[in-house]
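Written out below as structure tokens is the structure these notes cover.
The values are calculated or read from the model by the stated rules, or taken from the named source; none is laboratory data. Predicted model, so just to flag it, every value in this text is computed and none were measured. Counting neighbours? That spans all protein chains shown, and the Cβs are built from the backbone with ideal geometry, glycine included. Ligands, DNA and RNA are stripped out before the accessible areas are found, and what is left, the full protein with its side chains, is counted by its heavy atoms. Shrake-Rupley method; radii C 1.70, N 1.55, O 1.52, S 1.80 Å.
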Amino acid sequence: MKIVVIGGTGLIGSQLVSRLDSLGHEVIAASPTSGVNAVTGEGLAAALADADVVVDVANSPSFEDAAVLAFFEAGSRNLLAAEAVAGVRHHVALSVVGTERLQGSGYFRAKLAQERLIEVSPIPYTIVRATQFFEFMGGIANTSTREDVVWLSPAAMQPMASADVAEALADAVLAAPVNGMIEIAGPERAPLAEFVGTWLGQTDDPRAVAVDPAAPYFGVEIDDASLTPGPAARIMPTRFDEWLARHLPTQVAA
Ligand SMILES: NC(=O)c1ccc[n+]([C@@H]2O[C@H](COP(=O)([O-])OP(=O)(O)OC[C@H]3O[C@@H](n4cnc5c(N)ncnc54)[C@H](OP(=O)(O)O)[C@@H]3O)[C@@H](O)[C@H]2O)c1
């Protein structure tokens, strides 16, 4: 099967490409680095020729409201149009659990716009919504910092390892389109402040942590339902402490 991974050089894309490649598929890692730009359309027709499946795991270089909306709208429109011409049989896209509950954020308005374009296009599709990646804990801390204090919500989250995201995505790529949404999540549900606080502690980060129910997540006040998946979610196995032990071996052993 020929599979084109848009954003194939990224955190998720590179692991997905390796996994599909090791299963014997013809996999193209497509991104601006290799001359394929979903936003401008450059290189898309050539990359998609004879493709069976296209996976969109690209991410916007800017999270500014207008820029991120333009990225996901233009990228999705161009991709879906090029897929129709190439006769692609399945479009798989990675989105985020709770997207419709986070619409106070420009990033999540852009992800919802991406999902809507996929849903109304004639290309059979699967949208895989993942929870926050363990690799993203530092990013959450940075966007939550004011004057060296990290302000964190005690609302629940259920984050997951990016390797588990890639595994679940690969399964979706190799299955028939569901023409709907699949949710995937990690095995543990705990306060956001606990996950991010643990990450800060394990990386010897000097910033103080303050827990505040009003602390926004990317500009949005959240509760226990905001970031957590529904009961039908596929639960992937890697726990946060296992992941930390593998990724931060010296700190965890100390
Ligand atoms: N962070 C989270 O916790 C989380 C949770 C759930 C879902 N997600 C979703 O996961 C997806 C992937 O995230 P990631 O962290 O793996 O991204 P990433 O590591 O930032 O990688 C971004 C990828 O997008 C490519 N790209 C940038 N501009 C492009 C363009 N104009 N056309 C085509 N490709 C372009 C980059 O290519 P170059 O290397 O060539 O620049 C790179 O391969 C995103 O859609 C995000 O919404 C994230």
(Q) Going residue by residue through the stretch 1-10, is there one that turns out to be outside any strand (DSSP E or B), surrounded by fewer than 22 Cβ atoms within 10 Å (Cβ to Cβ), within 11 Å of the ligand (Cβ to nearest atom) and within 18 Å of the chain's Cα centre (by Cα)? (A) yes
Q: Hey, can you tell me all the residues within the stretch 11-32 that are within 13 Å of the ligand (Cβ to nearest atom), in contact with a strand residue (DSSP E or B) (Cβ under 6 Å, 6 or more places away or on another chain) and free of Cβ contacts under 8 Å to residues at least 60 places away in the same chain?
A: G13, V17, I28, A29, A30
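For the stretch 41-62: of the residues being in contact (Cβ under 8 Å) with a residue 40 or more places away in the chain and open to solvent by 40 Å² or more (accessible area, probe 1.4 Å), which is farthest from F136 (Cα to Cα)?
Start the filter on the stretch 41-62 by keeping residues that are in contact (Cβ under 8 Å) with a residue 40 or more places away in the chain, which leaves 41, 45, 47-48, 50-60.
From what's left, open to solvent by 40 Å² or more (accessible area, probe 1.4 Å): 45, 50, 59.
Details: A45: 33, D50: 35, N59: 13 Å.
Top of the filtered list is D50.
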Q | Odd one out for A38, checked against (1) open to solvent by less than 60 Å² (accessible area, probe 1.4 Å); (2) of a type in the set (A, V, I, L, M, F, W, C); (3) without any contact (Cβ under 8 Å) to a residue 24 or more places away in the chain | A | (3)
Q. Mind checking which residues of the stretch 33-72 are within 20 Å of Y107 (Cβ to Cβ), in a helix (DSSP H, G or I) and within 12 Å of the ligand (Cβ to nearest atom)?
A. A67, V68, A70, F71, F72
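Find the residue count for the stretch 100-113, including only residues that are more than 8 Å from the ligand (Cβ to nearest atom) and either farther than 26 Å from F195 by Cβ or part of a helix (DSSP H, G or I) (or both). First the steps, then the outcome.
Within the stretch 100-113, the subset more than 8 Å from the ligand (Cβ to nearest atom) is 100-106, 108-110, 112-113.
Now drop any that are not either farther than 26 Å from F195 by Cβ or part of a helix (DSSP H, G or I) (or both), which leaves 100-101, 106, 108-110, 112-113.
Looking only at that region, the number is 8.
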Q. Within the bounds of the stretch 201-213, is there any residue that is in contact (Cβ under 8 Å) with a residue 12 or more places away in the chain and under 26 Å from L16 (Cβ atoms)?
A. no
(Q) Need a quick list: helices (runs of 4 or more DSSP H) entirely within the stretch 121-235 having at least 2 residues that are within 30 Å of V4 (Cα to Cα), more than 13 Å from the ligand (Cβ to nearest atom) and open to solvent by 50 Å² or more (accessible area, probe 1.4 Å). (A) 162-174
**Q.** Qualifying position, being hydrophobic (A, V, I, L, M, F, W, C) and touching a Pro at 6+ places or on another chain (Cβ under 9 Å), among A51, A82, A67, A86
**A.** A67
Q) So which residues in the stretch 84-99 are more than 14 Å from the ligand (Cβ to nearest atom) and part of a helix (DSSP H, G or I), if there are any at all? A) A84, V85, A86
